[in-house]
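The values are calculated or read from the model by the stated rules, or taken from the named source; none is laboratory data. None of the values given here were measured: they were computed from a predicted structure. Glycine also receives a Cβ, built like all others from the backbone with ideal geometry; neighbour counts cover every protein chain displayed.
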């Protein structure tokens, strides 16, 4: 057994302190090694990757919402524009028989040899009426001599005519009209056909 002298006690305390310091150093190194271990890095990397994915999803959702809002606004503007352009559709349809009657009256007045003033008055009235319609976007469909187009005209009859190409409009019985490019009434026409 060693002497319990003060020198021995100091040595023993010194050894115990060194051992304790060494153990603390080993524990510190171990926890530092654990902090830098690949499992910790992977979980941090996974968290960063997850957050980046969440951010990308949020940005994508925001872009989609912005695009949807722009599409809704564009569609609403188109509907408003369409409503504005074609609001007169029914009104124009009601006025067209008046134009037809004026044209017939003018034709009858000219054929019967009536006074020139009546004929001239009808012509001026019809012209001013047609100018007013044109200002609202109404255009005449008069396909005389043109190839038959079923989108703009309705064939009332087909007649053999060797002087023109088959499927050509040879007579317009009633003019058609469009409103801002949309057909309001098709033209009533007679179409040529090939000889049998």
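Here are the numbers for the structure shown:
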| item | result |
| --- | --- |
| Of residues in the stretch 145-193 being on the phi > 0 side of the Ramachandran plot and more than 33 Å from the chain's Cα centre (by Cα), the one surrounded by the fewest Cβ atoms within 10 Å (Cβ to Cβ) | 145 |
| Test: residue in the stretch 125-139 that is in the same structural domain as residue 93 (by TED's automatic domain parsing), in contact with a strand residue (DSSP E or B) (Cβ under 8 Å, 6 or more places away or on another chain), over 22 Å from residue 86 (Cβ atoms) and modelled with pLDDT of 85 or more | no |
| Counted residues, the stretch 62-105 - those being under 30 Å from residue 125 (Cβ atoms) and either more than 29 Å from the chain's Cα centre (by Cα) or part of a helix (DSSP H, G or I) (or both) | 19 |
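A quick yes/no check of all residues on (1) without any contact (Cβ under 8 Å) to a residue 40 or more places away in the chain; (2) within 17 Å of residue 97 (Cα to Cα); (3) in a strand (DSSP E or B):
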position	(1), (2), (3)
134	yes, yes, no
150	yes, no, no
157	yes, no, yes
163	yes, no, no
166	yes, no, no
171	yes, no, yes
183	no, yes, yes
190	yes, no, yes
196	yes, no, no
